[in-house]
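Peer 1: Starting off with a structure, shown below.
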Amino acid sequence: MIEIIGTIGTVTYRNEDNHYTIARLKTPGQGETITIVGHLAGVGEGEGVKLTGRWVTHARYGEQFKVESYAVTLPETVSGMRQYLGSGIIKGLGKSMARRIVEHFGENSLEIIETRPERLMEIEGLGKSKMEMISRAWDRHHTARKVMQFLQEQGVGVTHASAILKYYGKNALKILRERPYRLARDLPGAGFRVADAIALQNGFKIDDPERIKSSFLYLLMKNEDEGHAFVPRDELVDRCVDLTGAGRSLVEAALDELSASKEAVLEKRAIHEVVYTKKMHRAETVIALKIKAMLSIPIMDQAMDEDSINGEVLCRLALKLSREQVGIVRDILGHRVAVITGGPGTGKTTLIRTLCALFRKLGRKVNLCAPTGRAARRLSEVTHRKASTLHRMLLYDPDSDIFNRNQDNPLDTDVVIVDEASMVDTYLMYHLVCALPLDSVLILVGDIFQLPSVGPGNVLSDIIASKAVAAFFLTRIFRQAEQSPIVMSAHAIRRGEMPMMEKRVKEDGPSEFYFIECNDPVRMVAIISDLCRCRIRNAFPHIDEIQVLTPMHKGETGTINLNLKLQEVLNDRPGGLGSHGITFRTGDKVMHLKNNYQKEVFNGDIGVVDEVIKSENRLVVDYDGRLVEYDILELDELTLAYAISVHKSQGSEYPAVVLAMSTMHYPLLRRNLLYTAITRGKKLVVLVGSTRAVEIAVHNNKTHLRMTGLKERCRFIQENCH
């Protein structure tokens, strides 16, 4: 590592979220400034710094010094302090007041401002309000620096440091030193690991009760990240003993204390005791209670006979419903909460359109929504009505992490229809039911055979299995869908049977479903590349018409490698803008990776790079005709999307799908993953892989293993309502 001392000149860029900074540094005895880059919190123009790092070469801007750690060097002389305080670094402190402070306190001036600011009132004309303003400005400027330096000394990453600063503000350093395990409660995810590293380096014992309790909360939240709502007590205790190294009796006692303080909830089950986080237990309980409350209110003036339904649908939508569909629609109109489920080709979308038309006829206000932006857009396209994401409908504020539609500010609606409801996790369903008026109607539409939600729980399946809510199963495959090998293969997979893998040629043209046998990963990549470059491209020429799916991110046939290989054959334009090992070029297919409410682009949205402006370090992405700009420091929100994971494809459909499935994907080979992947294709599905891998997936139906309690809570309601 190289050490450099200098003074910050011009700060040309600063990201206020993570403190990433680009600045010019003046070094003693050097006529020219140097460019420094790194995460520098609490450093302003004119401040002296001691930097540790290394030289790197930027493709456009040349040699730069990448900062790994830093320290601000405050002046020690009276003249240096006078200049420092009068430089404008501390807001509200001008040159005249800086001179008077230094004249009064001399070399102790900075120490007085930081530790005993009330003494500033000794200076004539400097009152309490001015003193407090100077103190607040000093704290704002220097707290970030001190926290970052403290965490660097503890070996904590900059990403975590930024989150800690954002959450605790000026109290961050005090909390880190005195109560580090608060991080495990306040900052889910890495909070416990960060807290533990700090605490153990600063004298905390491995059997400290606060450490053990924090490890429990960390394990419970990790359990939720894996999709579960609770964990059996004995299993949780075993995991905590392994994680902390503490004795079992101490661990058991700490868990009982967590339960007594209501930070965790222990619940007796028939076989064993289980443990929830307080938040998850409340979410499951409220969902069940709200459903019970809604079901207790009778539906008035909403019944329609079959002739009226048929006439209205024919008039408004020019559709003729099947007898099954008419019966389901008639029955749904008599329920306050209902579920519609079925596989591809069974008419779920037709029923949504029908219900929208009938509720409109009845004078009801309908809100259409879906869990993701892609699913909401698709819902809007097929219904020709406005549809939004659940987050947008519930007025989610990402800065405060608050849903502004809630029990105190409910939705102004009569009916809410949620499409792709299998993707809704427990927490999102909780926020939805909180915002529903008691006398509204809730209709959940989804395919329970698809992959469950990324978040914890198995909401749609649990509600159906509880039998507390009217559930309508669409079983008839309509004639047009019946002729589709994609649809028929999907239904075969649902039944635990192999899809149509033999070659078929339809009378009116090529088949819609093909299987290419190959289990060599390198050869699979070559076949997929050739399919996308030539064979499929002839029928589907637009880049957004073909989507490659794969179960995993890593490995030869994972998304990372496939995207690089597909970019080589599909977009060999020179130049581009590089970030995190990816070079984005004009014409590249890209995916946005996290919700960005300012740009109105959301996790999973796919677009095409419309323009790369290298001279300005930015690019423009076209999302279905809407152009969105990214500067170079925002490119971590993008990735290539020639190939995406099956999980990321949920809620979307593509004209052509190429699916990679080999025995190398063994950990993820499940029936619902294969089913979800195949049902993404509208006109063509090509499965490249091994027969053995497909067999493993078809016969692995372990979708019921998520540990949740919603089914039992809703079933208890159903039993007590009779």
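The values are calculated or read from the model by the stated rules, or taken from the named source; none is laboratory data. The model shown is predicted, which means the values in this text are computed figures rather than measured ones. Because the Cβ atoms are built from the backbone with ideal geometry, glycine has one as well, and the counts that use them run over all protein chains shown. Side chains included, ligands, DNA and RNA excluded: accessible areas come from the protein's heavy atoms. Shrake-Rupley method; radii C 1.70, N 1.55, O 1.52, S 1.80 Å.
Peer 1: Could you give the Stokes-Einstein D for segment 631-682 in µm² per second, using the C-alpha Kirkwood radius, 20 °C, 1.002 mPa s?
Peer 2: 169 µm²/s
Peer 1: In segment 593-624, which GluC sites (Glu not before Pro) are in a loop and have at most 10 other Cβ atoms within 10 Å, using DSSP for the loop call?
Peer 2: Answer in residue order: no site qualifies.
Peer 1: If the limit is 29 Å between Cα atoms, which of Lys146/Lys614; Lys66/Lys166; Lys278/Lys594; Lys166/Lys213; Lys467/Lys683 go over it?
Peer 2: Beyond 29 Å between Cα atoms: Lys146/Lys614; Lys467/Lys683.
Peer 1: Output the peptides 525-537, 121-133 sorted from most to least packed, where packing is the average of other Cβ atoms within 10 Å over each peptide's residues.
Peer 2: Descending packing order for the listed peptides: 525-537, 121-133.
Peer 1: To continue, here is another question. For segment 532-600, what mean projected area does the convex hull of the alpha carbons give, in nm²?
Peer 2: The Cα convex hull of segment 532-600, projected and averaged over all directions, gives 6.0 nm².
Peer 1: Related question: If each DSSP helix of 4+ residues adds -39,500 (n - 2.57) and the sum is divided by the residues in the chain, what number results at 222 nm, nearest 500 deg cm²/dmol?
Peer 2: Helix-only estimate at 222 nm: -11500 deg cm²/dmol.
Peer 1: Also: Keeping every protein chain in place, order Glu634, Glu653, Glu153 by accessible area at 1.4 Å, biggest value first, i.e. largest first.
Peer 2: Glu153, Glu653, Glu634
Peer 1: Find, among the chymotrypsin sites (Phe, Trp or Tyr not before Pro) in segment 1-73, those assigned to loop by DSSP (not H, G, I, E, B) with at most 14 other beta-carbon atoms within 10 angstrom.
Peer 2: Tyr61
Peer 1: May I pose another question? Report the Cα centroid-to-centroid distance between segment 390-449 and segment 65-113 in angstrom, as an integer.
Peer 2: First find each Cα centre; the distance between them is then 53 Å.
Peer 1: Here's something else I'd like to know. If you put +1 on each Lys and Arg Cβ and -1 on each Asp and Glu Cβ, how big is the dipole of segment 132-215 around its Cα centre, in Debye rounded to 20?
Peer 2: Rounded to the nearest 20 debye, it is 200 debye.
Peer 1: Here is a further query. Viscosity 0.890 mPa s, temperature 25 °C: what is the translational diffusion coefficient of segment 28-71 from Stokes-Einstein with a Kirkwood Rh over Cα pairs, rounded to a whole number of µm²/s?
Peer 2: Rounded to a whole number, D works out at 212 µm²/s.
Peer 1: For the full complex of protein chains and a 1.4 angstrom probe, list Met300, Met488 by accessible area with the highest value first.
Peer 2: Met300, Met488
Peer 1: Using every alpha carbon pair in segment 519-639, what percent of pairs falls into each 5 Å bin from 0 up to the bin containing the largest distance?
Peer 2: 2, 10, 21, 22, 21, 14, 7, 2, 0
Peer 1: Is segment 367-491 best put as rounded, prolate or oblate by its Cα gyration tensor, with a ≥ b ≥ c the root eigenvalues, rounded for a/c under 1.5, and otherwise prolate when a/b is larger than b/c, oblate when not?
Peer 2: prolate
Peer 1: Right, something else. So for the pair Asp238, Lys320, with labels modelled 7 Å out along Cα→Cβ, what separation do we get in nm?
Peer 2: That separation, rounded to one decimal, is 6.1 nm.
Peer 1: Can you return the aspartates and glutamates within cross-link range of Lys386? Criterion is Cα-Cα under 14 Å, with same-chain partners fewer than 8 residues away left out.
Peer 2: The reachable aspartates and glutamates, counting only those whose Cα sits under 14 Å from Lys386, are Asp419.
Peer 1: Relative contact order, percent, of segment 263-319 when contacts are C-alpha pairs under 8 Å separated by at least 6 residues?
Peer 2: 18 percent
Peer 1: Of the listed values (1) 14, 36, 33, 15, 2; (2) 14, 40, 34, 11, 1; (3) 15, 40, 30, 12, 3, 0, identify the label whose number matches P(r) over Cα pairs in 20 Å bins from 0, in percent calculated from this model.
Peer 2: Read-out taken from this structure: (2).
Peer 1: Now, a different point. Using the Cα gyration tensor of segment 593-722, with a ≥ b ≥ c the square roots of its eigenvalues, what is the shape: rounded (a/c below 1.5), prolate (a/b larger than b/c) or oblate (neither)?
Peer 2: Taking the square roots of the gyration eigenvalues as a ≥ b ≥ c, segment 593-722 is oblate.
Peer 1: Just to confirm my numbers, what's the Cα centroid distance between segment 570-648 and segment 309-381 in Å?
Peer 2: Distance between centres, Cα-based: 36 Å.
Peer 1: Can you list the residues, at least 5 places off or on another chain, whose amide H is less than 5 Å from the amide H of Ala471, using H built in the peptide plane?
Peer 2: Answer set, sorted by chain and number: Val339.
Peer 1: For segment 123-254, what does the alpha-carbon gyration tensor say about shape, rounded, prolate or oblate, given a ≥ b ≥ c as the root eigenvalues, a/c under 1.5 as rounded, and a/b over b/c as prolate?
Peer 2: Here segment 123-254 falls in the prolate category.
Peer 1: Can you give me the long-range amide H partners of Gly9? Hydrogens built in the peptide plane at 1.01 Å from N, cutoff under 5 Å, separation of 5 or more residues or another chain.
Peer 2: Arg24, Leu25, Lys26, Gly46
Peer 1: In debye, nearest 20, what is the charge dipole magnitude of the chain about its Cα centre with +1 on Lys and Arg Cβ and -1 on Asp and Glu Cβ, if you could check?
Peer 2: The dipole of the chain has a size of about 700 debye.
Peer 1: In addition: Put +1 on the Cβ of each Lys and Arg and -1 on the Cβ of each Asp and Glu in the chain; which of Ala264, Tyr84, Gly155 then has its Cα farthest toward the positive end of the dipole?
Peer 2: Of the listed residues, the answer is Ala264.
Peer 1: Would you mind putting 676-684, 375-383 in packing order, based on average other-beta-carbon counts within 10 Å, highest first?
Peer 2: Highest to lowest by the protection proxy: 676-684, 375-383.
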